[in-house]
Amino acid sequence: MSHKVFITSALLCLLFIANAQNKAGLIIYDIKYPNENLNAKPVETHLLFNDSISIGIAYATKIYTQENVGLHQEKGGVGMTFKYGDEKGEMIYRNFNAEKITLRFPKSAALDAYFVNDSWLKINWEIKDELLAIGKYTCKKAIGTFRGRVYIVWFTEEIPLPYGPFKLYGLPGLIIQAEDTEKMFSVTMKHIEYPTNQEFDITEPIEIEKKSIQEYAYIQDHFEDIFLEK
């Protein structure tokens with residue numbers, strides 16, 4: 001009799017662990033960059049995740065509508081806004097077991113969709129004692145430097161997964177809010193579901209065209225030249 005009870009308890013424990021590990025979540029952020037431009041609208045970004053993978057999606061046509069494409073009047077002259085975005089959108093995929101990050105960039109006025117294998121760079125976070133209530137979550141403050149920029153973030157251990165917006169990650173809880181010290185970048189939480197019953201695809205976003213991280217950096221710096229050459 002005691003053996004049967006032991007086996008049943010063990011199975012229940014395993015089922016509980018498996019259920020906890022398979023919990024999926026969704027957080028919707030509003031991301032604004034640069035933050036000092038009062039006319040810039042935040043970009044809605046969806047972060048989907050399970051126990052080991054996260055994928056951030058922005059500029060997808062189902063969640064993003066681009067305005068003022070083409071030439072338009074600006075203070076001091078004429079500005080140009082290029083068409084950007086497609087059905088899949090811009091993606092940041094992270095596989096935490098494999099320590100792999102893949103970036104997917106949508107079709108634009110200058111280029112077809114492509115993907116990049118980025119470097120897995122760990123952020124050295126300094127966790128502070130300060131607490132902040134954001135929505136129903138109690139959040140802790142952390143400060144970290146990533147590629148030369150200092151970020152201040154608020155994360156919650158109530159969702160003990162190391163995910164976050166943009167390329168911010170690696171804390172003992174989900175990042176709910178963030179900004180950089182220069183006020184060029186800001187992230188606010190718009191909606192959160194954890195766990196969620198929604199079904200979604202978080203497979204690695206692979207396209208026909210692959211570019212190196214060096215080619216990607218060149219595109220970011222010379223997009224207008226590439227457009228004019230097309």
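Summing charges over all other residues whose Cβ lies under 14 Å from the Cβ of Pro195, with Lys and Arg as +1 and Asp and Glu as -1, gives -3. Panel order for Leu161, Leu174, Leu48, Leu111, by other beta carbons found within 10 Å of each beta carbon, from fewest to most: Leu111, Leu48, Leu161, Leu174.
Footprinting exposure proxy ranking of Met184, Met189, fewest other C-beta atoms within 10 angstrom first, gives Met184, Met189.
Show me 54-64, 211-221 ranked by packing, highest mean number of other Cβ atoms within 10 Å first.
Details: 54-64: 18.9, 211-221: 12.7.
Top to bottom by mean Cβ count within 10 Å: 54-64, 211-221.
Within region 156-192, list the residues whose amide N lies under 17 Å from a label point set 7 Å along Cα→Cβ of Ala133. Under 17 Å, as judged by backbone N against the label point of Ala133, lie 156-158 of region 156-192. Each of Val150, Val187, Val116 was scored by other Cβ atoms within 10 Å of its Cβ. Arranged with the fewest first, they read Val150, Val116, Val187. What residues of region 124-151 lie in the reach of a label at Asp118, counting those whose backbone N is under 11 Å from a point 7 Å from the Cα along Cα→Cβ? Answer for this model: 147. For Lys100 and Glu157, the difference between the fully extended length at 0.36 nm per residue and the C-alpha to C-alpha distance is 18.2 nm.
A short reminder: the numbers here are calculations on the coordinates, not readings from a lab. Computed from a predicted model, the values in this text were never measured in an experiment. Cβ sites come from the backbone with ideal geometry, for glycine too, and all protein chains shown count toward neighbours.
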